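First the structure, in the form of structure tokens, and then the observations on it.
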Amino acid sequence: MNSSRRPIRKFKTGLSFGVAVSVWKNDKGHSVTITKSYKDKQTGEWKESSGYFREDLAAIALLMPQAIAFIDEQEEHAYQESKGQGNGGAQALPQPSGGRSFDDDDIPF
């Protein structure tokens, strides 16, 4: 990823220090990166690793559903905006013919 760009959302947990799941937006949609930050003891610089310990995997397993739900919300919002339905993601219920609304009696079970 381009270091001058920032993710649109970053998910972290206290379960494993330094592990983050970041969501990025680009012209093709959304992508996700998983990173683990650590401070190099010799240089004092913050670095990123692509290696994970067992406890890191547990943190990643907790963070991934959050990232997926966030992407789903973003895509639903974009879809609603493209349809001109900026109603917060709520979908209008279909109306039966005749212009009246549904009642419990209309449900066939």
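The values are calculated or read from the model by the stated rules, or taken from the named source; none is laboratory data. Remember, it's a predicted structure, so these values are computed and weren't measured experimentally. Positions of Cβ are generated from backbone atoms using ideal geometry, with glycine treated the same way; all protein chains shown enter the neighbour counts.
What about residue 42, is it loosely packed, with under 11 Cβ neighbours inside 10 Å, at pLDDT 85 or above and either on the phi > 0 side of the Ramachandran plot or not basic (Lys, Arg) (or both)?
yes
Of all residues in the range 1-37 being in contact with a strand residue (DSSP E or B) (Cβ under 9 Å, 6 or more places away or on another chain) and surrounded by fewer than 13 Cβ atoms within 10 Å (Cβ to Cβ), which is modelled with the highest pLDDT?
So the residue we want is 6.
For the range 1-46, give me each residue that is of a type in the set (Phe, Trp, Tyr) and touching a His at 6+ places or on another chain (Cβ under 8 Å).
If the condition is that a residue be of a type in the set (Phe, Trp, Tyr) and touching a His at 6+ places or on another chain (Cβ under 8 Å), then 24 is the only one that fits.
For residues that are more than 13 Å from residue 14 (Cα to Cα) and not in a strand (DSSP E or B), tally how many sit in the range 37-56.
Here the count works out to 11.
Any idea how many residues of the range 3-36 are part of a strand (DSSP E or B) and on the phi > 0 side of the Ramachandran plot?
Total satisfying the criteria: 1.
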